[in-house]
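J.: Let me give you the structure first, and then I'll get to my questions.
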Amino acid sequence: MQRAEMERAIEELHPASYGWALSCCGRNREEAEEVLQNVYVKILDGKARFNGRSSLKTWLFAVIRHTAISQSRRRALGELLTAKWARREIVRVATMPDAAAETSQVCAGLVDALRKLARRQREVLELVFYHDMTIEEAAAAMHVSIGAARVHYQRGKKQLLAQMNGNR
Amino acid sequence: MNDDLLRQAFAELRRVEAEQAPKFVVPALRVRDHLKPVLRLAFAALLLIIIILSFRRPPEPSITAWKAPTDFLLATPGRELLQSTPDLKGIRR
């Protein structure tokens, strides 16, 4: 795929990619934007190549997920070394209510319930419900087997519904 | 709450977050990355030149100009006496 063609394709997917990056970064906007920029640079520089084995969206989401995880690991390690962990937690807790206030009550409830799920359960549910992917596509984006994705989906959905009904 | 309501809640979240999405900006190619192949080539060429220069043999001296490196050992004290004939005229009668 040529660079211009790829640019157009990722521009079309940009809103969905941003939503997925937000999900991978615990709904931290700054981190999500940074991850997305790094992903675009990786793709346009040819460091991440689309080989056509899945849909472009599935592949792009896998790259975003991988980049977000490695960036989060690097950041955590850096903060551990510089003993900034405690300060970061305080900042994050302080910014959460502001972000939640901007969304409606339903969204805030959903986001809170999603935060309480395990990472893979949250990921599969967001890929299926938020991004309208099939469980097979979600499994490919998450680099897990379809069976594992189904289990995460079932358990996650059950817990999410319980959380949301409990919040009501 | 069933699947449909869950879908609605996610759709609402997607709508809200899509509105907050930053504008798509094409990231410019980093100059450093762009120059990487050129820099690599230049480095390889420099390395090659250094290797060639360090392994190059010095020019061989001419055979007529050659001198044994242990020649100085032959210059022993009193050697000049052996190289000349002693003058015995003075002691003849």
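The values are calculated or read from the model by the stated rules, or taken from the named source; none is laboratory data. Here the structure is a predicted model, which is why all the values come from computation and not from measurement. In this analysis, Cβ positions are derived from the backbone assuming ideal geometry, glycine residues included, and neighbour counts consider all displayed protein chains.
J.: Looking at (1) modelled with pLDDT of 80 or more; (2) over 30 Å from A:Ser104 (Cβ atoms), which is the one condition that is false for B:Arg32?
T.: Here B:Arg32 meets the rest and fails (1).
J.: On to the next question. Could you count how many residues in segment A:38-67 are of a type outside the set (S, T, N, Q), away from every other protein chain (no Cβ under 14 Å) and outside any helix (DSSP H, G or I)?
T.: 4
J.: While we're on this one: Name the single residue, out of those in segment A:44-67 being over 12 Å from the mean Cα position of the chain (by Cα) and of a type in the set (S, T, N, Q), that is surrounded by the most Cβ atoms within 10 Å (Cβ to Cβ).
T.: Initially, segment A:44-67 is screened for residues over 12 Å from the mean Cα position of the chain (by Cα), giving A:44-59.
Right, trim to of a type in the set (S, T, N, Q) and you get A:51, A:54-55, A:58.
Details: A:Asn51: 6, A:Ser54: 16, A:Ser55: 14, A:Thr58: 21.
That would be A:Thr58.
J.: While we're here: What's the number of the condition A:Ser70 fails, among (1) of a type outside the set (A, V, I, L, M, F, W, C); (2) outside any loop (DSSP other than H, G, I, E, B); (3) surrounded by 14 or more Cβ atoms within 10 Å (Cβ to Cβ); (4) more than 9 Å from every other protein chain (Cβ to nearest Cβ)?
T.: Answer for A:Ser70: the failing condition is (3).
J.: I'm trying to understand the selection: among the residues of segment A:1-37, which are of a type in the set (A, V, I, L, M, F, W, C) and assigned to a helix (DSSP H, G or I)?
T.: A:Ala4, A:Met6, A:Ala9, A:Ile10, A:Ala16, A:Trp20, A:Ala21, A:Leu22, A:Cys24, A:Ala32, A:Val35, A:Leu36
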